[in-house]
Amino acid sequence: MFFIEPVVTCLSPNVHYMVCEAGFEIKENHVINSILSDRGEIRWRVITEHIRYRDSGQTLEYINSVRSLGPICECVHLHLQSLTIEQLEDRFMLWFQWTNCSEIFLEMLQTIKDPDATAVALNLMKLTSCLERALGDVFLLIGKECPFLLRDLLASQELATVFGQSVMDVLRVFIGSPDGLNLRNILWHGFASPQEIPVKYFSMLLFLTAGLGQLLRNYLLISLTTLVHRPYIIFTSLEDLHIFPDVNQELLSLAEELVMKSSIVLRNMVPFWVTALASFRQSRFADCVILLLPQLESGLRLLFTTVNKCPSRLMTAEMLAKQFNSEETNQLPLLLGEPAMEFLWDFLNHQEGPRVRDHLSHGENSLNDFPREIANCVLAFSITLLCRFSEDEIGPIKSHTLLEPLMNCGSHYCSKFHPATQLKKQILECIRSINTWTDLPAVPEEQIQEIAGLRKDVDFPCTSVIADIFTQLQPYLPQNIRLFVDSVNSLPTEKLLTELCGKHIPVLFCPRMVLEIIVVLRQISTQCHQVSCQVISTCEARYKQWVNKSLRSRQRNNYLCMRRNIRFLSPVLQVILILITLELISIYTVCEKNVSDYQQYLKFLKLILQYTENLVTYTSPEKNKWNETMTLTGKALLKIRTFLGKQLALVQLVEYQPEEI
């Protein structure tokens, strides 16, 4: 795929004017002493006087504010540049401590001394991230729930109370509104190239951040409060993120060649890519990802506008949606393919995934402890796109043996963090837990017989109902599996569920009805797992008490009743897990039917959910009501049998060919 006309800028004419021209129109000379006192205190009044309003002072006039602030920014930048590193550290580091990442701000100050355009852009992204997080901490001095969006945070009354409304208006001009400079968004979303970010705005934001620290100190002294920093979000399940081979030095060299030849890399964005690769080499993994994510977005936006034949959308496009312009089908997912789309949704959007861009851009991760595993994933995926969308003349690079395993992993990726995938994971964790019941310590038979009045070998009255349910489920299982009541405890249910969960189901652009059903299925699975954990915990605790002879008569009878009944409860829970797994596989067929079928289906699932919730209550250590548990179970089994008899819940897995179990 080639792009006929080279792209000069991804900024719209209005945004380009605002960022690159408006702040340079007024030629005035300011002396730093008018802005910074001899004691190093920032004179906010001098700065806020340059903010312009209309409508009787109620509405910010962004463009005139930028024009008026331009000379002030130039003065501040020249002053900071004139200081030595030691002077910068001595005069400003104290006022960066409120951000909880003062060492990162020291690196930013060093950038001013020798301002490389790419380094300035990178550090500006880091600055907005750290500043947003710190402002959120300040918000929580007064407010209860911090706004997710920076623009809402800056417009909050809570921050205006601490810093003053005019001070917040200054910040909104720089980073808080699409009508202003909007420096955060144009960088984090890959619209601005390094050369389009004036360094004086970076210097000014550093200066303002120090000034905020001074204002905050005064507020804390007056209010007798202490600023508490929220803990950083730590990425978990890093083992699930070992998707691609490790990117080594030779792969990085190949990536450098691909950057220069790939159709998704805009020429004015090349410095970002080059610095990202260098950052990975230097083990600066947060820097690498901060640089790559906007460039991935920029490259995908370029593909989007090309494949959908809408070049005007290069400055605004939302690439990963199913449709655009309300009704036109987005061709980008077809071009990228399902594996690439699932990777992007996993790493950027799904709530249980890493959500790398959200966490990084909102300052929720520690930049000094960013995991290599995530950086490796993002970089490796980026390399696969560079290779896929590159000029034909680099055939020798594309066929390099080191790229083959990388491309193979990319082309076979399946979602790990979609709710449906998470449900499969829950189901398998639950059945493994239930399978451990057979290993629980048991009371010797001769000791049981010593207890008078305990009925031996009591049969579960709903055994025939379970047999009917097995018969109803049988057509939807692999042909080599037969369910029998008398052998269900020896049935390799875990392997069966592993086979069923291995069946691919489409997860892109899930309809709302599908997601609603998956939510209920996950709740059912969670409750089943909770029951299993409670059974294990209670059995182990009661057995120890039995051995120590510390159980009262009633507790002994209850314990033995539990031991007897879990033999029947185990197959019931296994049946529910098989049922919800089959329902997950058939969920799209159900939702494609009429709304009436969907409502009945959802009602049925909520009945099962209610049963499992009650089961959690009755089997808890506090209640431990096992006779009631089995009565409840009998009623639930009758409802399941009745519904399955209507054949509304499942579709036959005609094409499913599992391996032998």
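The values are calculated or read from the model by the stated rules, or taken from the named source; none is laboratory data. Quick caveat, the model's predicted, so the values are computed rather than measured. FYI the Cβ positions are ideal-geometry reconstructions off the backbone, even for glycines, and counts take in every protein chain you see. Ligands, DNA and RNA are excluded from the accessible area calculation, which covers all protein heavy atoms including side chains. Shrake-Rupley method; radii C 1.70, N 1.55, O 1.52, S 1.80 Å.
Quick notes on this structure:
- As a calculated quantity, the FRET efficiency between residue 519 and residue 281 at R0 = 41 Å, using C-beta atoms, amounts to about 0.40.
- For the chain, the residue among 434, 112, 243 whose Cα projects farthest onto the positive side of the dipole built from Cβ charges is 434.
- Environment charge at residue 52 (Cβ cut-off 9 Å; Lys +1, Arg +1, Asp -1, Glu -1): +1
- Computed from label points 7 Å out along Cα-Cβ, the spacing between residue 541 and residue 600 is 4.4 nm.
- Packing order of peptides 277-286, 138-147, highest average first: 277-286, 138-147 (average count of other Cβ atoms within 10 Å over each peptide's residues).
- Rolling a 1.4 Å probe over the protein heavy atoms leaves residue 519 with an accessible area of roughly 80 Å².
- With a threshold of 31 Å on the Cα-Cα distance, the over-threshold entries among 495/549; 549/639; 549/625; 309/424 are 495/549; 549/639; 309/424.
- Distance between segment 200-272 and segment 362-385 - C-alpha centres, whole angstrom: 10
- Segment 13-223: C-alpha pair distances exceeding 28 Å, %: 21
- Candidate residues 305, 226: accessible-area rank, largest first, probe 1.4 Å: 226, 305
- The chain, accessible area per residue, ligands and nucleic acids excluded (1.4 Å, Å²): 45
- Prolate/oblate/rounded call for segment 309-427, Cα gyration tensor, a/c under 1.5 rounded: rounded
- Karplus-derived 3J(HN,Hα), 6.51/-1.76/1.60, for each residue of segment 162-171, Hz, glycine and proline x: 7, 9, x, 5, 5, 5, 5, 5, 4, 4
- Amide hydrogen proximity for residue 36: with H placed 1.01 Å from N in the peptide plane, the residues at 5 or more positions away or on another chain lying under 5 Å are 43.
- In this Cβ point-charge picture (+1 for Lys and Arg, -1 for Asp and Glu), the chain has a dipole of about 2400 debye about its Cα centre.
- Residue-level accessible surface for residue 11, protein heavy atoms, 1.4 Å, Å²: 10
- The chain: calculated mean residue ellipticity at 222 nm from DSSP helix runs of at least 4, using -39500 (n - 2.57): -19000 deg cm²/dmol
- By average C-beta atoms within 10 angstrom, highest first, the peptides 265-272, 510-517: 265-272, 510-517
- Loop sites in segment 29-62: trypsin sites (Lys or Arg not before Pro), DSSP, at most 11 other Cβ within 10 Å: 39
- Of the solvent-accessible surface of segment 118-164, computed with a 1.4 Å probe and all protein chains present, 49% belongs to carbon and sulfur.
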